[in-house]
Amino acid sequence: MRVIAGTYRSRRLNTLRGMAMRPTSDRTRETLFNILSADVRDSVFVDLFAGSGAVGIEALSRGAQRTIFVEHFPAAVRLMRANLESLGIAVMGAKVKAFAGAAEIIAADAIEGLEQLAARRARAEIVFADPPYADSAAYSAVLDWLGDSDVIAAGGRVIFEHSRRLALPAVAGMLERARLVEQGDTALSFYLPVRAA
């Protein structure tokens, strides 16, 4: 797996073998970032169910101010740290003032990670969530939580990667799906806040 574009273009990223992890394909990442385009630059980007960190690293490569990776599997957290280190990306703590291109890792499940962000009044312009395709309960829990929270900055968006066979709701709390993009078995659902956070 490689970084597609930006500062770290063509740099290799390692993935875990033999684990129930399904990395976001290069094609899907390219589609995602083509749609997000310039909105990534200078954003706070949250990568939920981050796995190897490929999506969040792509955001940093394309100019995100900071990426917050949330992942609870210890082996994936170690791999993500190694990928960040191999690219020379600084990993910051939550209490350290962010600088351009910084990364933060929250070793927790998605809801716990979001609760940590909410507790410190963090705001994200982009939240990307890629739960395991078979875990429909994770999709519902994260979408419901985000729909009732103020973690999404005004003008921000939430994107879910999911199987095209999984129908996500058009509305969840204060989030409304604005776009659905299907590619093979994969779909990307883009949600926007229906009122400013």
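Once the stretch 48-144 is represented by equal point scatterers at the alpha-carbon sites, with solvent omitted, what log10 I(q)/I(0) does the Debye formula produce at q = 0.19 Å⁻¹?
With one equal scatterer per Cα and no solvent, log10 I(q)/I(0) is -0.91.
Tell me the relative contact order for the chain as a rounded percent, counting alpha carbon contacts under 8 Å between residues six or more apart.
Computed value for the chain: 17 percent relative contact order.
If you count only protein heavy atoms with a 1.4 Å probe, what accessible area per residue comes out for the chain, rounded to a whole Å²?
47
Of Ser149, Ser37, Ser52, which is the most mobile in a GNM of the chain whose springs link Cα atoms less than 10 angstrom apart?
Sorting by GNM fluctuation, first place goes to Ser37.
List the residue ranges in the chain for DSSP H helices whose C-alpha atoms run 27 angstrom or more along the long axis and whose Kyte-Doolittle average is 1.0 or above.
Correct list, ordered by number: empty.
Counting trypsin sites (Lys or Arg not before Pro) as exposed when in a DSSP loop with at most 12 other beta carbons within 10 Å, what is the longest stretch of the chain free of them?
18-94
Could you give the C-alpha radius of gyration of the stretch 42-83 expressed as a fraction of 2.2 N^0.38 Å, taking N as the number of residues it contains?
1.07
Quick one: what are the phi-derived ³J(HN,Hα) couplings along the stretch 166-179, Karplus 6.51/-1.76/1.60 with θ = phi - 60°, whole Hz, x for glycine and proline?
With coefficients 6.51, -1.76 and 1.60, one gets 8, 8, 7, x, 6, 9, 9, x, 8, 10, 10, 5, 9, 7 Hz.
Could you check what % of the DSSP bridge pairs in the chain are antiparallel, to the nearest 5?
45
In the stretch 70-178, carbon and sulfur make up what percent of the accessible area (probe 1.4 Å)?
Looking at the stretch 70-178 in its full context, I get 53 percent from C and S.
The values are calculated or read from the model by the stated rules, or taken from the named source; none is laboratory data. All of these numbers come straight from a predicted model, not from anything done at the bench. Counting neighbours? That spans all protein chains shown, and the Cβs are built from the backbone with ideal geometry, glycine included. Heavy atoms of the whole protein, side chains included, go into the accessibility calculation; ligands, DNA and RNA do not. Shrake-Rupley method; radii C 1.70, N 1.55, O 1.52, S 1.80 Å.
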